Amino acid sequence: MCIITLPSMKTKAFYYTGLLLLIICGCTSTSYKQQSISAEQTVQVDFNQTSNTLYISDITSSVQNISLKLPKEQFIGEAGQAFIDNSNIFILDRKQKKIFCFNDKGTLLYLLDKRGEGPEEYIDINHFWIRQDYIYIADNKSLKINIYTFDGQYVQTIKHGKISSDIVMDTDSTLLCFTSYYVHNNPNGLWKMNTEGKLTSNILNNETKYPILSMPWRNFYLHGDHSIGLFSPQENCFYTYRNDSLYADILLDIKQKTARSFPGIATCVDVQEGYFFPIWFIYGKRYLLSVWGYYDKPEAFYLLYSQTDNNLKIFKELSVNTNSTYSIGIPISSNLYNCLVTWTPDKNENSNESTLCIYHLKE
């Protein structure tokens, strides 16, 4: 595995410090097959056609700020994912491998910290989800899913022995899995397994190697009707999964080179030129907001696509509003539909407080 750290990116209102991108290495292959994609909407993207600044106030209807308060001995090192419901806020700390549970006022309720190599512990937390008052932790290093109560009591383990980029639980409790990069002797693309960890079906089988840079962002997301959405960086396409079928919603037809431009190559070190890659995205009711970087350059491009009038604009900066000098915070994955969730640590290094901000996008 190659580990590449991009230089810190900081614009007027957006920073993503120490963005860690993981590239899964493999052998170069000369045989490949690319399938054409017929999507409901195909968006032509040219990163040379840019405007200066996207103001978040222009695309949001409301903003909610929640102060997250911790005891003196606790702190959040790096928020990486949030799960928010009517009464609880769960925050994954990627650095410390912990999950903090707050009430809706930001007061700490529980702390899940079970890192270790024992059968009831996890080595890493790639992502997590909540289902029926249980916390599910996906651990790619141990190739298992551990289940806990909110207060940290161990319940059970699902041993599956497979590598995935993301996992989501369907309404029937089966596990929908996605592997964005090629892994030998492993399901690639979109696949399902049962709660015993057994592979049950392949839905989007992609055996072609691409130099995918793994996003610090979940590939799965929810639509307003609670159906499951999927972004595949192999195709630069947004899908909807419904009734064991996959439907292509929006295909980004990018003029410049992306990972899809290099079929048969499994790692970026074998690519002899730069290319664009996705960093994070929000798929909302009206807007699709996606952020892209360029390999080996510390810059970001903000794509805003309006699904109501099929209009695309690309910006070089993201700011709160015209007169603001504040950052919007660090975007983190969440389960909320039509919302951008960000996390901001206190400027005081000794502070144990931070702020969660929920930007509700216009509908």
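The values are calculated or read from the model by the stated rules, or taken from the named source; none is laboratory data. Small disclaimer: the values here were computed from a predicted structure and weren't measured. All Cβ positions, even for glycine, are placed from backbone atoms using ideal geometry, and neighbour counts span all protein chains on display.
From the residues in region 269-321 that are surrounded by 15 or more Cβ atoms within 10 Å (Cβ to Cβ) and touching a helix residue (DSSP H, G or I) at 6+ places or on another chain (Cβ under 8 Å), which one is nearest to residue 255 (Cα to Cα)? So the residue we want is 275.
Residue 347 fulfils the conditions (1) crowded, with 18+ Cβ neighbours inside 10 Å; (2) assigned to a loop (DSSP other than H, G, I, E, B) except for a single criterion, (1). Considering the conditions (1) surrounded by fewer than 15 Cβ atoms within 10 Å (Cβ to Cβ); (2) within 14 Å of residue 218 (Cβ to Cβ), residue 185 is excluded by exactly one of them, (2).
Residues satisfying the criterion are present in region 145-153 (criterion: within 18 Å of residue 200 (Cβ to Cβ) and in a strand (DSSP E or B)). Among the residues examined, residue 332 does not qualify as assigned to a loop (DSSP other than H, G, I, E, B) and buried (at least 21 other Cβ atoms within 10 Å of the Cβ).
Selection of region 113-133 for residues being within 21 Å of the chain's Cα centre (by Cα) and in a strand (DSSP E or B) yields 122, 127, 128, 129, 130, 131. Figure legend. Inter-residue proximity from region 192-203: first residues β-branched (Val, Ile, Thr), second residues surrounded by 14 or more Cβ atoms within 10 Å (Cβ to Cβ), beta-carbon distance below 6 Å, spacing 6+ or different chains. Indicated pairs: 200/192; 200/193; 200/194; 203/190; 203/246.
A residue that is free of Cβ contacts under 8 Å to residues at least 40 places away in the same chain and not in a strand (DSSP E or B) occurs nowhere in region 210-222. Taking residues in region 72-86 that are farther than 18 Å from residue 103 by Cα, and partners anywhere that are at pLDDT 95 or above and of a type in the set (A, V, I, L, M, F, W, C), the pairs with Cβ atoms closer than 7 Å and at least 6 places apart or on different chains are 80/92; 80/332. Whether any residue in region 124-145 is crowded, with 16+ Cβ neighbours inside 10 Å and in contact with a Pro (Cβ under 7 Å, 6 or more places away or on another chain) is what I want to check. No, region 124-145 contains no residue that is crowded, with 16+ Cβ neighbours inside 10 Å and in contact with a Pro (Cβ under 7 Å, 6 or more places away or on another chain).
The residues in region 239-277 that are modelled with pLDDT of 95 or more, touching a Gly at 6+ places or on another chain (Cβ under 8 Å) and not polar (S, T, N, Q) can be counted, and the count is 6. Within region 258-270, residues that are in contact (Cβ under 8 Å) with a residue 12 or more places away in the chain and under 9 Å from residue 210 (Cβ atoms) have Cβ atoms under 9 Å from residues that are basic (Lys, Arg) and surrounded by 22 or more Cβ atoms within 10 Å (Cβ to Cβ) in these pairs: 262/209; 263/209; 264/209; 265/209; 266/209, counting only partners at least 6 apart in sequence or on another chain.
Considering only residues of region 54-90 that are of a type in the set (A, V, I, L, M) and part of a strand (DSSP E or B), which is nearest to the chain's Cα centre (by Cα)? Ranking the qualifying residues of region 54-90, first place goes to 82.
Taking residue 265 as the residue in question, decide whether it is surrounded by 21 or more Cβ atoms within 10 Å (Cβ to Cβ), more than 25 Å from residue 332 (Cα to Cα) and among the aliphatic types (A, V, I, L, M).
Numbers: surrounded by 21 or more Cβ atoms within 10 Å (Cβ to Cβ): yes; more than 25 Å from residue 332 (Cα to Cα): yes; among the aliphatic types (A, V, I, L, M): yes.
For residue 265, the condition - surrounded by 21 or more Cβ atoms within 10 Å (Cβ to Cβ), more than 25 Å from residue 332 (Cα to Cα) and among the aliphatic types (A, V, I, L, M) - is met.
Table: residues versus (1) at pLDDT 95 or above; (2) within 25 Å of residue 331 (Cα to Cα).
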position	(1), (2)
21	no, yes
28	no, no
34	no, no
46	yes, yes
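Going through 334, 327 one at a time, which residue ends up being over 17 Å from residue 290 (Cβ atoms), in contact with a strand residue (DSSP E or B) (Cβ under 8 Å, 6 or more places away or on another chain), of a type in the set (Ser, Thr, Tyr) and touching a residue at least 60 places away in the same chain (Cβ under 8 Å)? So that I can check it myself, show each step before the final result.
Numbers: 334 fails: over 17 Å from residue 290 (Cβ atoms).
Going through 334, 327 in turn, the sole match is 327.
Out of region 157-199, which residues are touching a Pro at 6+ places or on another chain (Cβ under 8 Å) and either under 16 Å from residue 134 (Cβ atoms) or part of a strand (DSSP E or B) (or both)? Result: 157, 177, 179, 199. The condition of being out of contact with any Pro (no Cβ under 7 Å at 6 or more places or on another chain), farther than 17 Å from residue 361 by Cα and not β-branched (Val, Ile, Thr) holds for only one of 302, 295, that being 295.
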